[in-house]
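This report refers to the structure that appears directly beneath it.
The values are calculated or read from the model by the stated rules, or taken from the named source; none is laboratory data. Quick caveat, the model's predicted, so the values are computed rather than measured. Glycine gets a Cβ as well: all are built from the backbone with ideal geometry, and neighbour counts include every protein chain shown. Note: accessible area is taken over every heavy atom of the protein model, side chains too, but ligands, DNA and RNA are not part of it. Shrake-Rupley method; radii C 1.70, N 1.55, O 1.52, S 1.80 Å.
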Amino acid sequence: DPDNPLIGARDFDSERYGGEVRLDIRPWEESTDGLKFTYGLNNLGSSIELTGIGAGQAKDWKYQFGQVQFERRGLYAQAFMNVSDAGDSYLLRTGQPIVDKSTVIAAQAQYQFAVTSIADLVAGVDFSKTTPKTEGTITGANEDSDETTEIGGYLNATVGLSSSLDVVGALRVDDHEHLEDAVWSPRVGLVFRPRQTQTLRAMFNRAFSTPTTNNLFLDITAGRIPITSNINYRVQTLGVPSTGLTWDNQCPGGVDNYCMYSPFAPGVELPATGTLFWDDVVVPAALQDPQLQGALALLGLTPEEFAAIVGSPTPADMGSTLLRFNSENPDVPFVPDPGVTALDRMRPTITNTYEVGYEGLLASRVNLSVSVYRSEIEDFVGPLRVETPSVFLNGQDVATFVAGRLIGAGVPAGAAATIAANIAPTAARVPFGTVAPDQRPSEDVLLTYRNFGDVNLWGTDIGFEAYATEEFIISGSYSFVSEECFDVDDDGACTSAADIALNAPTNKGTLGARYLFPSSGLEVGARARYSEGFLMNSGVYVGAVEEYTVFDANVAWRVPGYDGLIASLTVRNLTDNEHQEFVGAPEIGRLALLKLQYGFGGG
């Protein structure tokens, strides 16, 4: 778009700065209890950021926060405020400005106390209020109704059944003003310490993730589908309203009696059939084709006569079909529609996790931690996907109809078939309207979120740190997860918007070592990092991340004669193995970081 120079205007320079200041007040000499005041500012001067609808260019995006904390004899309380200002940021696909002057205000308080000699309790409350302010650029028509208040409370108990066995239990309840029901989150576990340096645990935990502001209130244009020089469809991303999205309206004569909205007749609810625009759109467009003009001239037909012969079809003469915009592959812009399914209002994602684990010191030399878990995830929230079908004419029906009308008017069968074969493919490629949900009557192609069904997975995490000597230390970690993608539509791939990807590998691990030179204050270390390849499906970022192995090295030196002064050099990806860790992100090469740190001592 020559009128919008921001489309695709990437600034590849990365620039940021930040700072933080904190004041501690300790009025009681006998303890470190007291007040803490903190203020921080971070400015993202320039950066390319990934979003669910494509990359955005951040320009002078400022983030500020203020926090006050109080602690005294088991009581802890804090309040903070986060403030965002997106500056001159914009979306790269559309050139749209991003305005974000949103705020979050939160407060928390908890009190820890002992009720008996063997039982400790922690009780707490949480409050937060999120106020998006986007001037319609992100939450669109929801701008005046997108505030969210959340309140929660919890009670945690630890009971010592013996000197080596504890029972841990907790119960939390949270209320989100835009969700139907409060969420209860219980937790229970056993912690066994056969020795002072070893711990065994068995836990059950129920956690939740509330829908985000985007899940509930997003309303932003992700792109456009051009049809003619002056007609196009907006591809609009939308949060799910509290009513959900339904397709209950009926329009007799449409495909399955669906209704549609069309840019060829803005603002009017119509039966979902392309025949409505045959006379005014398809035939005039076909008559612009020089080949058709030549064929009609040879047959002695004027354009007006041709239009009259093939005009005024009914849905019975020429069927229509539903296809769905394919946001994942521009080479195949529309695919067969899987069927319209109503969306319920958003629900929180519930994760029930069962875990057993061990952590301890072996032979006074090796710190080892091992955990095995199983997670059952309910109402997983998927990425943005197209939910509105588009209405097309059936190409075979078009060819049959045109040929039949021409033959009936005396045109030879061969010539009629040729003309019909010329018109049918073009007519069948035009989306004439959108089968819109009842809550959003427009021709926009809608992308939105959906709670999918339940998914189950299990995994293990292992970590160790071994002291070969006091100076030489070897460490490592390994993680395994049983599933990296849930093929919801059962097509053997993880590229569909219906599929759920963890966006993480099945296997990954690290192995490293470091050596200390106490006499010189020098420390050197090296580490290898491995990640197995995995499938990714996150918004518009769909594809495979290939496996990679990289090596890191670091050296740190406590400068003699200058207490508190440390100079360090860290080199990540020492061999410059260029690799990609996220679809849509650039390849990563070698990165060297030099840091000077000085700590000021005080009495």
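A few comments on the model shown:
- Alpha-carbon gyration tensor eigenvalues x 5, square-rooted, for region 352-493, Å: 65, 19, 12
- Inter-probe distance in nm under a simple model that places probes 7 Å from Cα toward Cβ, at D490 and L23: 6.5 nm
- Protection proxy ranking, highest mean first, for peptides 287-298, 441-452, 48-59, 20-31: 441-452, 48-59, 287-298, 20-31, where packing is the per-residue count of other beta-carbon atoms within 10 Å, averaged.
- Debye log10 I(q)/I(0) for the chain, one point scatterer per Cα, at q = 0.05 Å⁻¹: -0.34
- In Å², nearest 10: area of L91 left accessible to a 1.4 Å probe: 10 Å²
- Inter-centroid distance (Cα atoms) of region 528-553 relative to region 142-205, Å: 33 Å
- Structural descriptor for the chain: relative contact order 8 percent, calculated from alpha carbon pairs under 8 angstrom and at least 6 residues apart.
- Probe 1.4 Å, accessible area per residue of region 432-512, Å²: 41 Å²
- Rolling a 1.4 Å probe over the protein heavy atoms gives region 381-420 an accessible area of 34 Å² per residue.
- Helices in the chain that qualify as membrane-span-like (whole DSSP H runs, Cα extent of at least 18 Å along the helix axis, mean Kyte-Doolittle hydropathy of -0.5 or higher) are 395-408, 413-427.
- Packing-based ranking of 61-69, 246-254 yields 61-69, 246-254, ordered from highest to lowest mean Cβ neighbour count within 10 Å.
- Chain lengthening between A182 and Q78 when straightened (0.36 nm per residue, less Cα-Cα): 35.1 nm
- Which listed pairs, of K59/K129; K36/K595; K59/K101; K508/K595; K62/K129; K62/K133, have C-alpha distances above 24 Å, in listed order: K59/K129; K36/K595; K508/K595
- The GluC sites (Glu not before Pro) of region 469-526 that DSSP puts in a loop, and whose beta carbon has at most 10 other beta carbons within 10 Å, are E470.
- Net dipole in debye of the chain [+1 Lys, Arg Cβ; -1 Asp, Glu Cβ; about Cα centre; nearest 20]: 1620 debye
- Of all accessible heavy-atom area on the chain, the percent that carbon and sulfur account for (1.4 Å): 55 percent
- The charge dipole of region 461-587, taken about the Cα centre with unit charges on the Cβ atoms of Lys, Arg (+1) and Asp, Glu (-1), comes to about 800 debye, rounded to the nearest 20.
- Percent of C-alpha pairs per 10 Å bin, region 38-107, short to long: 19, 37, 24, 13, 6, 1
- Surface accessible to a 1.4 Å probe, M81 within the full protein complex, Å²: 80 Å²
- Part-to-part distance (alpha-carbon centres) for region 207-266 and region 330-391, which is given in Å: 25 Å
- Region 145-181: GluC sites (Glu not before Pro) in DSSP coil with no more than 11 other Cβ atoms inside 10 Å: E177, E180
- Helical contribution to [θ] at 222 nm, DSSP H n ≥ 4, -39,500 (n - 2.57), averaged over the chain, rounded to 500: -2500 deg cm²/dmol
- Cα-based Rg / Dmax (Å) for region 36-76: 16.9, 49
- Ordering 305-313, 531-539 by mean Cβ neighbour count within 10 Å, with the highest value first, yields 531-539, 305-313.
- Rg and Dmax of region 244-311, Cα atoms only, in Å: 16.5, 57
- Solvent-accessible area per residue, Å², over region 51-191 with all protein chains present [probe radius 1.4 Å]: 50 Å²
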